[in-house]
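The values are calculated or read from the model by the stated rules, or taken from the named source; none is laboratory data. Predicted model, so just to flag it, every value in this text is computed and none were measured. Using ideal geometry, Cβ is built from the backbone for each residue, glycine included, and neighbour counts are taken over all protein chains shown. Note: areas computed on protein heavy atoms with side chains; ligands, DNA, RNA excluded. Shrake-Rupley method; radii C 1.70, N 1.55, O 1.52, S 1.80 Å.
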Number of protein chains: 2
Amino acid sequence: MSVTIRTILEDLMGTMEQIDETVDTLKPGNPETVITGMITAFSATQYVVERAVAMNANLLITHEGVFYSHHETSEWLEGDPVYLAKRSLIERSELAIFRYHDYWHRHQPDGIMVGLLRELGWSAYVDEQQATASILTIPAMTVSEAAEYIKRKLSISYVRVAGDLSQTCRHVGILVGYRGGGTMAIPLFNQHHLDLIIAGEGPEWETPEYVRDAVHQGRSNALIMLGHAESEAPGMKYLAEVLAEKYPMISTCFIAEQPIYQLV
Amino acid sequence: MSVTIRTILEDLMGTMEQIDETVDTLKPGNPETVITGMITAFSATQYVVERAVAMNANLLITHEGVFYSHHETSEWLEGDPVYLAKRSLIERSELAIFRYHDYWHRHQPDGIMVGLLRELGWSAYVDEQQATASILTIPAMTVSEAAEYIKRKLSISYVRVAGDLSQTCRHVGILVGYRGGGTMAIPLFNQHHLDLIIAGEGPEWETPEYVRDAVHQGRSNALIMLGHAESEAPGMKYLAEVLAEKYPMISTCFIAEQPIYQLV
């Protein structure tokens, strides 16, 4: 039985309330194409595109954009050699690329969050699933122990921590991706009496500066920043599992990338 | 001879073209107050406020805001205990706080950039001073050597690097603060044939993803992210030196903070 890209897109978005302004588009790609293989990834890096083609896949589903901007503007890249080489590779490859960002986050519950919680082994500890955060009660551990646990579970080599490493945490808020900024993250501390917030990425002058002041005031608030990809890649890995189970006739897998930064 | 806050504000902004929409305001504070001592800092953290008061200063000049947001909105913090305790401390202290952000960046040349270049010992290597970046030709060194040099000069314990550590770099672009994002940083690589960009902070899915693709294509582009405060604090330290020289009758100093994150 052949499956077209249209079938997958309808599956991923069709049953959900329509989002009028969304970055979730098929670009490039023709919905009537019969799928030979599907790849999911956090981002359509050049390495991921090459691997997808080598694996004979013709549909790549990624969370972030292809050309280094959320809204996929590219006028500012005109004439750039890296941009031109990557665009040319994608055109030649005839790979269809579908961005699955807004709908996957809007899924009930947020597919990216589900993937991260599963990878952490913390799904059973969720008290409240909010639109942009999960509130958990975990077994009591220190911030340092939580950081080591997370590193082991997500196979990451470091996390950035604000606050007191020896503080105990039990009431935890998790925000994926770029939701670690002040207005989304900071109010959760007080509203849910959180000891610890775990987030992907956010401006350095916002949430960590709040935590610095809180600790200086003698309060028990801490922050663990995972990195953007580190917090969201598990949700794209989870998507590959969901699709592989629903479409066993199609070869489907998740491609992992190297960490975006190394420490020196 | 007594000097009022008004004198300092006129000195810092009066000779420059007026910026209509600016975060650079005196809040709290009365311009007619006679200055007993001046402190400069990257951010008005609770520790910095307490130290300023203990040092008998009554004017604190900072680059970033007091309450964890660039535009200093605070409605979303109403009822927050950390916010309330800090606001109350500032009210009781009668410390005036002046935010010197936009005007210091607009200064010719950008005062924050001057401070960073001085601290790096690279002022003589500048080929072009742009509004939001400096273009330099430095003595040839590897990315790894550049990272170690920067860490030593800025007294920071780590930097985050994208690209190949063994690559040689000579043509370098520097962008302070949050100017490490894609549209500001990426075009510089091609326009100025840069090997290396050194920046403060920027979204993880922008500039480092470009560098990842560039390196995968065999190009020699690298990125060193210093951290936001790490890139801008030297500019506020430099401001203290400038003010101390101009106003020898006032006790003036820069207060350094601990790094906002520790690595685990």
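Flag not set for B:ALA85, criterion: of a type outside the set (Lys, Arg), surrounded by fewer than 16 Cβ atoms within 10 Å (Cβ to Cβ) and assigned by TED's automatic domain parsing to the domain that holds B:MET13. Within the stretch B:181-206, count every residue that is facing chain A (nearest Cβ under 7 Å) and among the β-branched types (Val, Ile, Thr). Count: 2.
What do you reckon, is B:ALA214 more than 27 Å from B:ILE260 (Cβ to Cβ), assigned by TED's automatic domain parsing to the domain that holds B:HIS171, open to solvent by less than 10 Å² (accessible area, probe 1.4 Å) and of a type outside the set (Lys, Arg)?
yes
You will find that of B:VAL114, B:VAL143, B:VAL126, B:VAL161, the residue that is more than 22 Å from the chain's Cα centre (by Cα) and under 30 Å from A:LEU263 (Cβ atoms) is B:VAL143 and no other. B:ARG219 falls short on exactly one of the conditions (1) in the same structural domain as B:ALA140 (by TED's automatic domain parsing); (2) crowded, with 22+ Cβ neighbours inside 10 Å; (3) free of Cβ contacts under 8 Å to residues at least 60 places away in the same chain, and that condition is (2).
Considering A:GLU17, A:GLU10, A:GLU21, which residue is open to solvent by 60 Å² or more (accessible area, probe 1.4 Å), part of a helix (DSSP H, G or I) and of a type in the set (Asp, Glu)?
A:GLU10
If we keep just the residues of the stretch B:165-176 that are polar (S, T, N, Q) and assigned to a loop (DSSP other than H, G, I, E, B), which is least open to solvent (accessible area, probe 1.4 Å)? Looking at residues that are polar (S, T, N, Q) and assigned to a loop (DSSP other than H, G, I, E, B), I get B:GLN167. On the stretch given as the stretch A:226-257, residues that are in contact with a Gly (Cβ under 6 Å, 6 or more places away or on another chain) and over 13 Å from A:MET38 (Cα atoms) total 7. Here B:GLU78 meets each of (1) at pLDDT below 95; (2) buried (at least 21 other Cβ atoms within 10 Å of the Cβ) with one exception, condition (2). In the stretch A:89-113, what residues are open to solvent by 40 Å² or more (accessible area, probe 1.4 Å) and either part of a helix (DSSP H, G or I) or within 14 Å of chain B (Cβ to nearest Cβ) (or both)? If the condition is that a residue be open to solvent by 40 Å² or more (accessible area, probe 1.4 Å) and either part of a helix (DSSP H, G or I) or within 14 Å of chain B (Cβ to nearest Cβ) (or both), then A:GLU91, A:ARG92, A:ARG106 are the ones that fit. Here the condition is being within 19 Å of A:GLY111 (Cβ to Cβ), in contact (Cβ under 8 Å) with a residue 24 or more places away in the chain and at the interface with chain B (Cβ under 9 Å from one of its Cβ atoms); of A:TYR178, A:TYR238, it holds for A:TYR178 alone.
Within 24 Å of the chain's Cα centre (by Cα) and open to solvent by 20 Å² or more (accessible area, probe 1.4 Å), is that true of B:ARG179? When the stated conditions are applied, B:ARG179 passes them. Among the numbered conditions (1) farther than 17 Å from A:PRO203 by Cα; (2) free of Cβ contacts under 8 Å to residues at least 12 places away in the same chain; (3) of a type in the set (A, V, I, L, M, F, W, C), the only one that B:TRP205 does not meet is (1).
Mind listing just one residue for me: the one in the stretch A:141-164 that is without any contact (Cβ under 8 Å) to a residue 60 or more places away in the chain and open to solvent by 50 Å² or more (accessible area, probe 1.4 Å) and, of those, nearest to the other protein chains (Cβ to nearest Cβ)? If you could, list the steps in order and put the result at the bottom.
Going residue by residue through the stretch A:141-164, those that are without any contact (Cβ under 8 Å) to a residue 60 or more places away in the chain are A:141-142, A:144-145, A:148-149, A:151-153, A:155, A:164.
Subset that is open to solvent by 50 Å² or more (accessible area, probe 1.4 Å): A:145, A:148, A:152-153, A:155, A:164.
Values: A:GLU145: 10, A:GLU148: 7, A:ARG152: 12, A:LYS153: 14, A:SER155: 15, A:ASP164: 10 Å.
The selected residue is A:GLU148.
When restricted to residues that are over 19 Å from B:GLU201 (Cβ atoms) and either touching a Leu at 6+ places or on another chain (Cβ under 7 Å) or modelled with pLDDT under 95 (or both), the stretch B:127-142 contains 2. Taking the stretch A:111-155 as the range and being of a type in the set (D, E, K, R) and touching a helix residue (DSSP H, G or I) at 6+ places or on another chain (Cβ under 7 Å) as the test, the residues that pass are A:ARG118, A:GLU119, A:LYS153.
Tell me which residues, restricted to the stretch B:227-240, are surrounded by fewer than 24 Cβ atoms within 10 Å (Cβ to Cβ) and closer than 20 Å to B:LEU165 by Cβ. Residue satisfying the conditions is B:GLY227 alone.
For the subset of the stretch B:48-67 comprising residues that are more than 10 Å from chain A (Cβ to nearest Cβ) and assigned to a loop (DSSP other than H, G, I, E, B), which member is surrounded by the most Cβ atoms within 10 Å (Cβ to Cβ)? Once the filter is applied, the top-ranked residue is B:ALA57. Return yes when B:LEU116 is farther than 26 Å from B:GLY173 by Cα, assigned to a helix (DSSP H, G or I) and of a type outside the set (Ser, Thr, Tyr) and no when it is not. No; evaluated as a whole, the condition is false for this residue.
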